[in-house]
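Read through the structure below, which is laid out as structure tokens, and then see the notes.
The values are calculated or read from the model by the stated rules, or taken from the named source; none is laboratory data. These figures come from a predicted structure and were not determined experimentally. Heads up, the Cβs are rebuilt from the backbone with ideal geometry, glycines too, and the neighbour counts pull from every protein chain shown. Just so you know, the surface numbers come from the protein's heavy atoms only, side chains and all, with ligands and any DNA or RNA stripped out. Shrake-Rupley method; radii C 1.70, N 1.55, O 1.52, S 1.80 Å.
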Amino acid sequence: MEPGPGAGPGGWAAAACVLTGASRGFGRSLARLLARRLGEGSVLLLLARSEAALAELAAELRGSGTGTGTGLRVECVTADLGCEQGLRRAAAALREVLPAAPPGRLLLVHNAGSLGDISKSFLDLTDPDEINSYFAFNVTSALCLTSTALQAFGKRPGSSRTVVNISSLCAVKPFKNWALYCSGKASRDMMFRVLALEEPDVRVLNYAPGPLDTDMQLLARTKTGDPEMRRYFQSLRESGQLIDCTVSAQKLVNLLEEDTFCSGAHVDFYDI
């Protein structure tokens, strides 16, 4: 993503950016970095389940000088993407905002996700409602929002469209007690590889941000059913191997700016 007319300080030209899971952790860090780079007339659409945290972040971005200084429009949608009503609300917001968004660039980042009940082993997962609910949030919503966003923004001459899936090592490596999370991440990776194949003019990236120092890591080291896996996650923290969200988000921004990745590729934090 090369800077263009109206680009923010050291950043990009006017763009439409959509970020799910924006209210905390990696999403919150990424939103701050994106806001500083978006140019005059850009729109940043933030989605999350927590209304209070989302409103707080939006107020910060609007009042920090990043929004007011560059004419950045920050919009929020509070929605649970795991339920049909929430997904429809989010899709309606995309259809409302994106057709009138700046024509030059669309960036869609799927960061929303959940671990599932990692206290359970594979053989404990017998409730179809629990399993279907997990995949509705972690897979179905990403597919529906991507197709909706690309249709709403449309194919515009000279424009670029980029879709980023926040992936994981778990997309390519099995972890005990993490059947839902691993299969969800693997499914999303493959889903977006298909998108890259079908839509060669859309840039697609599966970015694994590394072991982040977040609430999800806290759950991993305290709730994982397998003792060996719990010790592994505890050792990451004790040995200082957890990654600050802003550090990993900055690597993603750098990847997007360089724009040399193979569309559909799985790129890990440690590969860069």
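Scan the range 30-45 for residues that are within 11 Å of the chain's Cα centre (by Cα) and in contact (Cβ under 8 Å) with a residue 40 or more places away in the chain and jot them down. LEU30, the sole residue that qualifies. Being part of a loop (DSSP other than H, G, I, E, B), modelled with pLDDT of 95 or more and either among the aromatic types (Phe, Trp, Tyr) or closer than 29 Å to GLU257 by Cβ (or both) is a property that holds for ALA112. So which residues in the range 69-109 are within 19 Å of the chain's Cα centre (by Cα), among the aliphatic types (A, V, I, L, M) and in a loop (DSSP other than H, G, I, E, B)? Listed by number, the residues that qualify are ALA79, LEU81. Determine if the range 195-217 includes at least one residue that is touching a His at 6+ places or on another chain (Cβ under 7 Å), part of a strand (DSSP E or B) and among the small types (Gly, Ala, Ser). Yes - at least one qualifying residue is present in the range 195-217. Being of a type in the set (Lys, Arg) and out of contact with any Phe, Trp or Tyr (no Cβ under 9 Å at 6 or more places or on another chain) holds for only one residue in ARG161, ARG231, and it is ARG231. Within the range 98-106, is even one residue basic (Lys, Arg) and open to solvent by 50 Å² or more (accessible area, probe 1.4 Å)? Taking every residue of the range 98-106 in turn, none turns out to be basic (Lys, Arg) and open to solvent by 50 Å² or more (accessible area, probe 1.4 Å). If you go through the range 240-272 and keep only what is under 17 Å from HIS110 (Cα atoms), open to solvent by less than 40 Å² (accessible area, probe 1.4 Å) and either in a strand (DSSP E or B) or without any contact (Cβ under 8 Å) to a residue 40 or more places away in the chain (or both), you end up with ALA265, VAL267, ASP268. All told, GLY25 meets the bar of being in contact with a Cys (Cβ under 9 Å, 6 or more places away or on another chain), modelled with pLDDT of 95 or more, at positive phi and not aliphatic (A, V, I, L, M).
Scoring ALA14 on the criteria (1) open to solvent by 10 Å² or more (accessible area, probe 1.4 Å); (2) farther than 14 Å from LEU106 by Cα leaves a single failure, condition (2). Annotation: of all residues in the range 168-194 being outside any helix (DSSP H, G or I) and among the basic types (Lys, Arg), the one that is surrounded by the fewest Cβ atoms within 10 Å (Cβ to Cβ) is LYS173.
Filter the range 218-239 down to the residues that are open to solvent by 10 Å² or more (accessible area, probe 1.4 Å), outside any helix (DSSP H, G or I) and under 13 Å from LYS176 (Cβ atoms) and list them by number. Correct list: GLY225, ASP226.
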